[in-house]
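Asker: This is the structure, below, for whatever I ask next.
Here, each number is a calculation from the coordinates, and none is a lab measurement. Just so it is clear, the structure is predicted and the values come from calculations on it, not from any experiment. Backbone-built Cβ (ideal geometry, glycine too); neighbour counts: all protein chains shown.
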Amino acid sequence: MDTCAEDSAGRVYLISMKWQQTQGTAEQKIPFEVICLADVLLKNEKFYKAYLVLGGVGWKYKDFYLRGGLNPYLMNADMVSIVSLDEFVSRANQGRL
């Protein structure tokens, strides 16, 4: 987790950000990050939701991750919303986290 955000209702969101400029190892870290974020949500009622934000142009499997491709393979993966940087900024600006 890189940071947290809180909305006007007092709900706290976990936010993890991954940047991939060129193809490399960040891609391989996504499943483990999802597991870790889901685990925090399950163990701590303080947190309402988790986001994993993917930025940069070097992702080979970005579309797979953004479409929920991990969900069939990881327990509780659906608890973590994997979104692009643009989508996250849009949601945050509109108060729709």
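Asker: Mind telling me which of V83, V12, V34 comes out most flexible in a GNM of the chain, alpha-carbon contacts under 10 Å?
Answerer: V12
Asker: Write down the percent of antiparallel bridges among all DSSP beta bridges whose residues are both part of the chain, to the nearest 5.
Answerer: Of those bridges, close to 25 percent are antiparallel.
Asker: Filter the GluC sites (Glu not before Pro) in the stretch 31-97 to those in DSSP coil with at most 13 other Cβ atoms within 10 Å of their Cβ, and list the result.
Answerer: E45
Asker: Run the quick spin-label model on L74 and Q28: label points 7 Å from Cα toward the beta carbon, then report their separation in nm to one decimal.
Answerer: 1.6
Asker: Please arrange F88, F32, F64, F47 by counting, for each residue, the other beta carbons lying within 10 Å of its beta carbon, fewest first.
Answerer: Final ranking by Cβ density, sparse to dense: F32, F64, F47, F88.
Asker: Quick one: what are the phi-derived ³J(HN,Hα) couplings along the stretch 81-96, Karplus 6.51/-1.76/1.60 with θ = phi - 60°, whole Hz, x for glycine and proline?
Answerer: Rounded to whole hertz, the list is 8, 9, 9, 6, 4, 4, 5, 5, 4, 4, 4, 5, 5, 8, x, 10.
Asker: Filter the trypsin sites (Lys or Arg not before Pro) in the stretch 1-65 to those in DSSP coil with at most 11 other Cβ atoms within 10 Å of their Cβ, and list the result.
Answerer: Those satisfying the criteria are K46, K60.
Asker: Can you check what the net charge comes to around S16, using other residues whose Cβ is under 14 Å from the Cβ of S16 (Lys, Arg +1; Asp, Glu -1)?
Answerer: Every neighbour counted, the sum reads 0.
Asker: Would you mind calculating the gained length between K60 and A9 on full extension (0.36 nm times residue separation, minus the Cα-Cα distance), in nm to one decimal?
Answerer: 14.7 nm
Asker: Let me ask something else about it. In percent, how large is the relative contact order of the chain, given Cα pairs closer than 8 Å and 6 or more residues apart?
Answerer: RCO, the chain: 29 percent.
Asker: Oh, and also: Between D86 and Y48, take the C-beta separation as r, use R0 = 22 Å, and let me know the FRET efficiency to the nearest 0.05.
Answerer: It comes out at approximately 0.50.
Asker: If you don't mind, another one. Can you give the helix-only mean residue ellipticity at 222 nm for the chain, where every DSSP H stretch with n ≥ 4 adds -39500 (n - 2.57) and the sum goes over all residues, rounded to the nearest 500 deg cm²/dmol?
Answerer: -10000 deg cm²/dmol
Asker: On to the next question. Please compute P(r) over all alpha-carbon pairs of the chain, binned at 5 Å starting from zero, and give each bin as a whole-number percent.
Answerer: Spelled out per bin, shortest first, that is 2, 14, 25, 25, 19, 10, 4, 0.
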